[in-house]
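The values are calculated or read from the model by the stated rules, or taken from the named source; none is laboratory data. Quick caveat: nothing in here was measured; it's all calculated off a predicted structure. Cβ atoms come from the backbone with ideal geometry, glycine included; neighbour counts cover every protein chain shown. These area figures cover heavy atoms from the full protein model, side chains too; ligands, DNA and RNA do not enter into them. Shrake-Rupley method; radii C 1.70, N 1.55, O 1.52, S 1.80 Å.
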Amino acid sequence: MIFDFAYLTLVLALVLSAFGAAAGFWGGRLVPGVASQGTAASGQNGPTVRNPSAAWGHRLTASSFHSIYAVCALVGISAAVLWYGLLTDQFQITYIWNSSERTLPTFYKFAAIWGGQAGSLLFWTLLLSLFTTAAALTFRASQGTLMPYVNGTLLAIILFFLVLLVFSANPFEQIGVVPSDGRGLNPLLQNYWMVIHPVMLYLGWVGLSIPFAFAVAALLSRRLDRRWVRTVRRWTLIPWMFLSAGIIMGSQWAYMELGWGGYWAWDPVENASFLPWLTATAFLHSIIIQEQRGILKVWNVTLIWLTFTLVILGTFTTRSGILSSVHSFAQSPVGPYFLVFLAVITVGFLLLLYQRLPFLQGENEIDSISSREGAFLANNWLFAGIAFVVLWGTFYPMFSEILTGERISVAAPWFNRVAGPLFLLLFVLMGVGPLLGWRRTGANALRRQFTWPLAAALISVPFLLFTSRNIFPIVGFSVCIFVAATIVQEFVRGATARRRSRGEPLPAALWGLIRRNGRRYGGYVIHFGIVLIGVAIIGNEFYQSTTHVTLSEGDTVELSGYTLKYVGLESEQKSNHTEIRATLNVSDASSGRPLSKIFPRRNIYEKTPDQPTSEVGLRMTPAEDVYVILNGWEGDGKSATFTVYINPLTMWMWVGGLLVVLGTLVSVWPHPQPARASQELTSPMPEGATAGQATA
């Protein structure tokens, strides 16, 4: 049977990954320290190896590459078989019976592979094997010293997930009696954002295994100079981009599907994705310091280990059920496996780090706090502080249950109150850091760099006082304006300097500036996207208005300058659910001018009628969203109950997310090296020069 065959491919992949991991580690030990050995290990014509141990090392290293390709193919076959079963309604498979049904739309059947535990673990393993294959093909010839250890580390991670699939979460387990239909996919997952949002998160989580593997390889091979950092920068940025996109898409799903007026609730699943994002972002900033100044080496390898550990910890907490209750851990089939794997990662890495400390001495020191490296170091402290706050708040209910027997929950207000000031300081540094020079920045340069951004922030305060007397949003918006002004200033000064020096039109000068300095200016685009997300959060948090109302047909309600009139209710039968849709006319309260119609809905699914879902009615504009939830109705809909929110500036969160992705693509895109890049990055800026002028 095809499903038995698919299970056997997983068993064979497990055996090959174990062999390949051992071959990679052992091969790396036998042929250490020869960069040109990448060609010999790849089977190309290379130098003749006379040392028998080295010859065996080459053979073992080549075997590790072959194992990667074979494992990727075998896992791909298994995933294809499971997709086939989902798309053709093979309900004799327990996973498919639990996650699908005959009337489920096809794209949800396809997405059901990550809708449950066993399928999501198989999908994770598939993506990890694809990332591993891509890294092997990319670096096989150029990183001959590191690749045996990289292969061994990545195959060991794949081995762990294959152990879960073979022994604990078999996606091809079969039912004795074939059911006529499945139980259906969780109604909350039947949303278009859930088709793409989990894929983005998985690409982010899984992709962060690559820089972790290179860090382990650098430690094992003692190649701890700046080269491994330069190698992994792009391979960290790309999964970071996917993780960022996944978090934003998840917020959009929560905003549109859960029907509570918000987009982020600090729940454990959200925090599981946010924690590795925080440490990966810190790593992306701190590796710049190591790359340019040769310092923070211990901190960088620790950060990338923390990032990977938080990825596994997040998967552990969401898959084991331990955050629902500590008592559920013993009942979870995968929980103990994850706990052992986390222990191995932690003990093994810390032991290896301790042994390599003599090779991790910094080449320089931070000369001044008014320097770019000083700002980046403070930036890292803040990221680490926020990560600790989120980690503590996420796991505090579990600790309280263990110690007191009473589960004490930590809600969103606590996270906002504790993490909010740290984020505000982080925003300030986001504006300050890129304008500082390496080593130190003189007083005159500081004055020239910050005069206009500070003036813009101060001038905004009187205007902001008209919107609110609350000091917190005023300070928050002022900081956002300051950071935005520093970014605009850098683009204007850089493009102007290039236009003057080359005689180009301003648009061409701006394009040439970004093309030749994509790493810097892509980073500015990312920062501007983060600023827009901050603006949306402040607007939604401090200026939101809401009301809860029951309306009969023809009745109206007025809120924050809008009038909403209830027209009526209608129902429509879909493939696997009934859609109950209300119609409301939205008009301007002062003039009565019609603006739009919105249609809040409730979906009642045939398989789970006790779990109806909300689909909000939404009118989105740059200024604010009119956001309506249908809570219930009487009889045939002559009257209905609604919750209405006016959410200011929320649209800019999604625009900011797009800019984060765009800026990342600009940063990783290959660019010609500017002639003065090395001078700009290794010496302080001349007195009075701007960062934009230095790279123009």
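Of the listed pairs K574/K597; K565/K597; K565/K638, which have alpha-carbon separations greater than 19 Å here?
K574/K597
First check a/c for segment 545-651, with a ≥ b ≥ c the square roots of the eigenvalues of its C-alpha gyration tensor; if it is under 1.5, answer rounded, and if not, answer prolate when a/b is larger than b/c or oblate otherwise. Verdict is prolate for segment 545-651.
Counting Lys and Arg as +1 and Asp and Glu as -1 over every other residue whose Cβ lies under 14 Å from the Cβ of G85, the net charge comes to -2. Computed with a 1.4 Å probe on the full set of protein chains, the accessible area for F463 sits at about 140 Å². Report summary: the helix-based calculation at 222 nm, which adds -39500 (n - 2.57) for every DSSP H run with n ≥ 4 and divides by the residues of the chain, gives -21500 deg cm²/dmol. Spatial offset of segment 191-231 relative to segment 112-142 amounts to 12 Å, using the alpha carbon center of each. For I474, the accessible surface of its heavy atoms amounts to roughly 10 Å² (probe 1.4 Å, protein chains only, rounded to the nearest 10).
Alpha carbon centre of segment 263-317 versus segment 503-561: separation in Å? Each part reduced to its Cα centre gives a spacing of 26 Å.
The residue list L630, T556, L618 was ranked by how far each Cα lies along the charge dipole of segment 545-651 toward its positive end, using unit charges on Cβ atoms, and L618 comes out on top. Counting heavy atoms of the protein chains alone, T125 has an accessible area of about 0 Å² for a 1.4 Å probe. Overall, the anisotropy analysis places the chain in the oblate class: the square-rooted eigenvalues a ≥ b ≥ c of its C-alpha gyration tensor yield a/c not less than 1.5, with a/b not exceeding b/c. Classify segment 177-273: rounded, prolate or oblate, from the alpha-carbon gyration tensor (a ≥ b ≥ c, eigenvalue square roots; a/c under 1.5 rounded; otherwise prolate if a/b is larger than b/c)? In terms of gyration-tensor shape, prolate.
Taking the Cβ of L436 as the center, what net charge do the other residues with Cβ under 10 Å away carry, scoring Lys and Arg +1 and Asp and Glu -1? Once all neighbours under 10 Å are counted, the net charge is +2.
Per residue, segment 545-651 exposes 45 Å² of accessible surface when a 1.4 Å probe is rolled over the protein heavy atoms with every protein chain present.
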